[in-house]
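Peer 1: Could you have a look at this structure, given as structure tokens, before my questions?
The values are calculated or read from the model by the stated rules, or taken from the named source; none is laboratory data. In this text the structure is predicted, and so the values were computed from the model without any measurement. Every residue, glycine as well, gets a Cβ built from its backbone with ideal geometry; the counts of neighbours run over all protein chains shown. Heavy atoms of the whole protein, side chains included, go into the accessibility calculation; ligands, DNA and RNA do not. Shrake-Rupley method; radii C 1.70, N 1.55, O 1.52, S 1.80 Å.
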Amino acid sequence: MKLKRYIGLFTLITVLILPLYAQADGLPSFVDLAKKCGPAVVNINTVKMVEVNNPMEDFFKFHGNGGNNPFEQFFKQFNNRGNGNQHKQKRKTGSLGSGFIISKDGYVVTNNHVVASADKITVKLQNDGHEYPAKIIGRDKETDLALLKIEVKKELPYLEFANSEKAEVGQWVLAIGNPFGLGHTVTKGIISAKGRIIGAGPFDNFIQTDASINPGNSGGPLIDLNGQVVGINTAIIASGQGIGFAIPSNMAKSVIYQLETDHKVSRGWLGVTIQDADEKTAQALGLESKTGALVNSVNPGDPADKGGIKVGDVILKIDGEKIDDTNDLLRTIAALPPGKSVKVKVWRKGHDKNLRVVLGERSGKNVVAEAGKMSPKAAEENLDDLGLVVRRVNRKAEAESLGLEKPEGLLVIEVMQGTPSEDAAIAVGDVIMEANQHKVNSIKDIEKIINTEGKKRGLIMLLLKRQGHNIFRTIELKNK
């Protein structure tokens, strides 16, 4: 009996006393924060219309007798009548995501991958359940951000951005979103790390958090204790628990401003290939520590060439801002507007040297050069069925910079908007190694596979090399 009384007393202390002690010790209550910020977080529903075969046709093809299927000839004759697509049916496919309102007149921020290629977008408010059709104001694939607008006749609750540079590892954060399509959900955690590079794009600089972020949370806010957005939830590691990533608010603010004013994002461009200076390289160059970005080559006629940057220079600062590595340089230059004159501090032959460079504009065609991936001798070719511009990888140095053992494959240098490749998240800088498990080294190789296996199945699976890692992407081929 005494033991039971002790257990009961311990339980009472745990339930009543420890929460009070936790609050007194500085642990926050998230109730008020969730009430304050929740109404500005929205659900985003997208609909896309896709063409599919008549199910009866698929049935008879599947159950036919090889090439002697009598029903196949019937469907071919039926297809040749009228407009040639009578056996096709349209089907709705949908997806769910999250977003948040940033202005009282209805501007909404979400991830690009949530709304890319959607035929219809609907935003559902949490406070009253009303749904509104949304218009895309602008999208940016490279940072995975999109800006939407809904038309309302009332003022809406909205969230403001925090200064993500001041966010610290270990601070509390709240994630609000729509995981698994379940509806409004709040999870808490801390900032686990900053400046994470996960291979999602050229400007990786993610905030890592252990606040639960699951499918459907994409585009939702990561909120600090002041009720401000410190990041936009965008990625998870499927094999890891408690590992989510958010786009820092400072990066998002500049992108969103450009999307609102210009409906697109313009980024600065130097025109160099670069690499990190490791400890031995830094020592050989006379640098006190490994820092900056070592210039491998300078593209003739590009801004760096006109500004006097040379091969072997180490770029240390841009407009007085310290450059730690190649990723830091990419983000810094891309955040600046084309046409801006910047002061570039370089390390050259044991001495500092200050230069002036007028930035060009980053584009799909020159983006590969920035990471040392452009080969001026290789011919660019359009892969219209997939919506890509590609060229062969034909130099050893280029292959090494792409993480390849030897020159092979097709390098993606442009992804067209609204195409199957954009839908499948193909990115500039990817190298197509295989199509349907067949090696490809030329445009003819991949076109042959598309015209045979691809169009027969309506799909094609690509093996890509992305920053040294293999990934698969399956592309739905659109019927012409």
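Peer 1: How many nm is it between the label spots at Asp119 and Lys154, if each spot is 7 Å from the Cα in line with the beta carbon?
Peer 2: Distance between the two pseudo-spin positions: 3.2 nm.
Peer 1: When a/c is below 1.5 the answer is rounded, else prolate if a/b is larger than b/c, else oblate, so apply that to region 283-349 with a ≥ b ≥ c taken from the square roots of the Cα gyration tensor eigenvalues.
Peer 2: oblate
Peer 1: Another one. Each label point is 7 Å from the Cα along the Cα-to-Cβ direction; what then is the distance between the points at Glu361 and Lys343, in nm?
Peer 2: 2.8
Peer 1: Tell me the per residue accessible area of region 153-199 using a 1.4 Å probe; a whole number in Å² is fine.
Peer 2: Here the residues of region 153-199 average 57 Å² of exposed surface.
Peer 1: Using a Förster distance of 22 Å, how high is the FRET efficiency between Asn441 and His469, based on the Cβ-Cβ distance and rounded to 0.05?
Peer 2: 0.65
Peer 1: Leaving out ligands, DNA and RNA, what percent of the accessible area of region 292-345 is carbon and sulfur, probe 1.4 Å?
Peer 2: 48
Peer 1: What is the distance in Å between the Cα centres of region 396-424 and region 195-257?
Peer 2: Region 396-424 and region 195-257 have Cα centres separated by 26 Å.
Peer 1: Pull out the extension gain between Ser254 and Ser29, defined as 0.36 nm times the separation in residues minus the alpha carbon to alpha carbon distance; nm, one decimal.
Peer 2: Result: 77.8 nm gained on full extension.
Peer 1: Still on this model: With θ set to phi - 60°, apply the Karplus curve 6.51 cos²θ - 1.76 cosθ + 1.60 along region 253-260 and write out the HN-Hα couplings as whole Hz, x wherever there is a Gly or Pro.
Peer 2: 4, 5, 5, 5, 4, 5, 5, 5
Peer 1: Positive end of the dipole of region 84-232, charges at C-beta (+1 Lys, Arg; -1 Asp, Glu), about the Cα centre: which of Leu96, Pro215, Thr185 has its Cα farthest in that direction?
Peer 2: After comparing all options, I get Leu96.
Peer 1: In whole percent, and with a 1.4 Å probe on the protein chains, what portion of the accessible area of region 89-237 is carbon and sulfur?
Peer 2: On the way: 3130 of 6560 Å².
Carbon plus sulfur share of accessible area: 48 percent.
Peer 1: Continuing with the same structure: Sort Thr185, Thr452, Thr332 by accessible area with a 1.4 Å probe, largest first.
Peer 2: My answer, sorted largest first, is Thr452, Thr185, Thr332.
Peer 1: Report, by chain and number, residues whose modeled amide H sits under 5 Å from the one on Ile190, excluding near sequence neighbours (fewer than 5 apart, same chain).
Peer 2: Excluding prolines and chain starts, which carry no amide H, the hits are Val173, Asp210, Ala211.
Peer 1: For the residue pair Glu165 and Thr452, what label-to-label distance in nm results when each label sits 7 Å from Cα along the Cα-to-beta-carbon direction?
Peer 2: 5.7
Peer 1: How much FRET efficiency would the formula 1/(1 + (r/R0)^6) give for Glu321 and Lys264, where r is the Cβ-Cβ distance and R0 is 25 Å, rounded to 0.05?
Peer 2: Rounded to the nearest 0.05, the efficiency is 0.50.
Peer 1: With an 8 Å cut-off on Cα pairs and a minimum separation of 6 or more residues, tell me the relative contact order of region 164-264 in percent.
Peer 2: So the answer I get is 25 percent.
Peer 1: Still on this structure: Hey, with R₀ at 30 Å, roughly what FRET efficiency would Asn394 and Leu459 work out to, going by the Cβ-Cβ distance, to 0.05?
Peer 2: 0.55
Peer 1: Compare the peptides 187-199, 427-439, 140-152 by average per-residue count of other Cβ atoms within 10 angstrom and give them in order, highest first.
Peer 2: Packing proxy ranking, top to bottom: 140-152, 427-439, 187-199.
Peer 1: Would you mind getting the accessible area per residue of region 439-480, heavy atoms of the protein chains only, 1.4 Å probe, in Å²? Working shown, then result.
Peer 2: Values: 2760 Å² over 42 residues.
Heavy-atom accessible area per residue stands at 66 Å².
Peer 1: OK, next. Any of Lys406/Lys444; Lys149/Lys340; Lys141/Lys345; Lys194/Lys353; Lys35/Lys104 with alpha carbons more than 22 Å apart? Name them for me.
Peer 2: Numbers: Lys406/Lys444 20 Å; Lys149/Lys340 30 Å; Lys141/Lys345 31 Å; Lys194/Lys353 31 Å; Lys35/Lys104 18 Å.
Violating the 22 Å Cα-Cα cut-off are Lys149/Lys340; Lys141/Lys345; Lys194/Lys353.
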